[in-house]
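The values are calculated or read from the model by the stated rules, or taken from the named source; none is laboratory data. From a predicted model like this one, the values you see are computed outputs, not experimental measurements. Cβ placement follows ideal geometry from the backbone for every residue including glycine, while neighbour counts extend to all protein chains displayed. What goes into the accessible areas is simple: the full protein's heavy atoms, side chains included, and nothing from ligands, DNA or RNA. Shrake-Rupley method; radii C 1.70, N 1.55, O 1.52, S 1.80 Å.
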Amino acid sequence: MTEYGCNTQLSGFKSLDKFDKAIISELRQNARQSISFIAEQVNLSRSAVTERIKKLEQTGVIRGYQVLLSESQKQGVSAYFEIQHRCARCAEVIHIFTTIPEVITCQGITGDMDLLVYVHANSMQRLHEIREFIDAQADIVKIKTHVVMSEWINNQA
């Protein structure tokens, strides 16, 4: 499946009209579909769609195109760690996660846990090592691990 990244709030570009939004919607569904098909779907000519896509690319609204693999096709293993810490602010423990190259995202969350950390490791053994490292830190109170088994939707580019 292909996907692309877009930013609809760029300062150098006027707000997107309904045609630009429709083109982006079509590209999000399948960035490899033909210009003719997109033109038919959004009720514009092929040349108009081509020009609009070119302008969206040139202005940085469409930043690129990429292949997103299903979770089953990826090498390694992914997991979410729910983390509770004893510090007054999350920023005080973030340095722990910046030292781990397998950490993809680290987000502050509400509820009884403080952080949600997404990790992609090359093996279950490495995932276990990362978890043990985090758990051994003095400021970490609790860690819950959720291993990703399947991925059905991923709209992140």
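Structural remarks
- Of the listed requirements (1) closer than 30 Å to ASN30 by Cα; (2) surrounded by 13 or more Cβ atoms within 10 Å (Cβ to Cβ); (3) in contact with a strand residue (DSSP E or B) (Cβ under 8 Å, 6 or more places away or on another chain), GLU151 misses just one: (3).
- Checked against (1) within 17 Å of the chain's Cα centre (by Cα); (2) open to solvent by less than 60 Å² (accessible area, probe 1.4 Å); (3) at pLDDT 95 or above, GLN84 passes all but condition (1).
- Summed over the range 35-56, residues that are part of a helix (DSSP H, G or I), in contact with a Lys or Arg (Cβ under 8 Å, 6 or more places away or on another chain) and within 21 Å of SER15 (Cα to Cα) total 1.
- Members of the range 1-25 that are modelled with pLDDT of 85 or more and open to solvent by 30 Å² or more (accessible area, probe 1.4 Å): ASP17, LYS18, PHE19, LYS21, ALA22, SER25
- For ILE134, the criteria (1) farther than 30 Å from VAL67 by Cβ; (2) of a type in the set (Val, Ile, Thr); (3) under 15 Å from the mean Cα position of the chain (by Cα) hold in every case but one, which is (3).
To keep it simple, each residue is scored yes or no on (1) under 27 Å from GLN29 (Cβ atoms); (2) open to solvent by 80 Å² or more (accessible area, probe 1.4 Å).
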{"position": "VAL93", "(1), (2)": "no, no"}
{"position": "PHE97", "(1), (2)": "no, no"}
{"position": "THR105", "(1), (2)": "yes, no"}
{"position": "MET124", "(1), (2)": "no, yes"}
{"position": "ARG131", "(1), (2)": "no, no"}
{"position": "ASP139", "(1), (2)": "no, no"}
{"position": "ILE143", "(1), (2)": "no, no"}
{"position": "VAL147", "(1), (2)": "no, no"}
{"position": "GLN156", "(1), (2)": "yes, yes"}
